[in-house]
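Down below is the structure, laid out as structure tokens.
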Amino acid sequence: MTRRVAVLAIAALGVSSHARAQAPADPWRRVPAATTSCFSDDGLSRRLHEIGLSVQDDLRKQRELNNELTAKFQKMDMMEISQRMQAYMAKNPQEAMKMMQAQQQAASGMRTGATNAEADNTRLMAQRDELKAAFDKATADATRPVDARIKEYVDSKTVLAGEIGRGFPTKAAHDGYVALLAQRDAAYEKACAPFFGAGGSYHTWLNEYKTKVAEPMAAVQDAQDAIVAQQMVIMQTPAGPGFRPLGPFMSAGDYLREAEAVYSVREAKSKPIVPMIAK
């Protein structure tokens, strides 16, 4: 076994309890819970975008710090690294053997995990397109009859009102228009519910994306980061406590991006655009 393989094998079990205790708050805590609202003006898409930007900024800062600390670690004298590694192995022979075995299993697991995640990503992206087409059709079919009634009502009940165009001459006429808009929202919401309501297909899709793509892909990065972090701890370098795994930031960022895209397909609540003529 080469010296480098031995070092990596010792590191394979992950970050020490000290390094884990120093880890920043899980970025997943910032991810808002799934909503059952079918309307886009609930502010969720904006919040997802803002949180996504903050997570990406944290990822950028942590990556820069990790790179800086790794560069310092790599400047250590190889003789000193070898001596510290041998001292650790002599003091913890059984644990070192377990770590070497875990390293071999982890390498195979990472390859399998990445391959499966890539396949699931391809499948889920195609499924997302199918969901979007089904959602658009269902909501369009549901609102089309009401849209026709709204157009007929506006054409028959409004009058020309100079520069503002057409408007309703009475409050009663305008109230009838507002009532039709409420009917449209109700029809849209009913058609939307199987997609965004409790247990809806979009919620199922987002959960599957999280568990089968975002988290497994990030786990590969975490495994690589864990090796470096554990090396720092074993070698007792000052850099160890500042090094952080990037996986949580990557998985949360990927999920937030997809969630923002998913929720952006929703419509806003209907607003009256035809005014009532003031008298």
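The values are calculated or read from the model by the stated rules, or taken from the named source; none is laboratory data. Note that the coordinates shown come from a computational prediction; the quantities given were computed from them, not determined experimentally. When we count neighbours, we look across all protein chains shown, and the Cβ atoms used for this are built from the backbone with ideal geometry, even at glycine.
Among residues belonging to the range 170-196 that are among the charged types (D, E, K, R) and exposed (fewer than 14 other Cβ atoms within 10 Å of the Cβ), point out the one that is nearest to Ala268 (Cα to Cα).
The qualifying residue nearest to Ala268 (Cα to Cα) is Asp175.
Can you confirm whether the range 50-70 contains a residue that is of a type in the set (D, E, K, R), at pLDDT below 90 and not in a helix (DSSP H, G or I)?
No - not one qualifying residue is present in the range 50-70.
Filter the range 110-139 down to residues that are among the polar types (S, T, N, Q) and under 16 Å from Gly200 (Cα atoms) and give me whichever is surrounded by the fewest Cβ atoms within 10 Å (Cβ to Cβ).
Checking each candidate, the answer is Gln127.
Please go through the range 154-210 and pick out each residue that is of a type in the set (D, E, K, R) and either more than 30 Å from Met125 (Cβ to Cβ) or touching a strand residue (DSSP E or B) at 6+ places or on another chain (Cβ under 7 Å) (or both).
Result: Asp155, Lys157, Glu163, Arg166, Lys171, Asp175, Arg184, Asp185.
What are the residues in the range 67-82 that are farther than 16 Å from Gly242 by Cβ and among the aliphatic types (A, V, I, L, M), if any?
Met78, Met79, Ile81
Read through the list (1) within 30 Å of Asp254 (Cβ to Cβ); (2) free of Cβ contacts under 8 Å to residues at least 60 places away in the same chain; (3) surrounded by 15 or more Cβ atoms within 10 Å (Cβ to Cβ), then give the number of the only condition that Ala142 fails.
Of the numbered conditions (1) within 30 Å of Asp254 (Cβ to Cβ); (2) free of Cβ contacts under 8 Å to residues at least 60 places away in the same chain; (3) surrounded by 15 or more Cβ atoms within 10 Å (Cβ to Cβ), the odd one out for Ala142 is (1).
Take the conditions among the hydrophobic types (A, V, I, L, M, F, W, C), modelled with pLDDT under 70 and within 24 Å of the chain's Cα centre (by Cα) and apply them to Ala19. Does it pass?
So Ala19 does not fit the description; no.
Given the options Gly167, Gly199, name the one that is farther than 17 Å from Ala148 by Cβ, crowded, with 18+ Cβ neighbours inside 10 Å and of a type in the set (Gly, Ala, Ser).
Checking each option against the conditions leaves just Gly167.
Within the group Ala179, Ala186, Ala161, Ala172, which residue is of a type in the set (Gly, Ala, Ser) and in contact (Cβ under 8 Å) with a residue 12 or more places away in the chain?
When all the criteria are applied, what remains is Ala161.
Determine the pairs where a residue that is at pLDDT 75 or above, located within the range 72-99, has a partner that is assigned to a loop (DSSP other than H, G, I, E, B) and of a type in the set (A, V, I, L, M) with Cβ atoms under 8 Å apart, the partner being 6 or more residues away or on another chain.
Cβ pairs passing all conditions: Lys72/Ala239.
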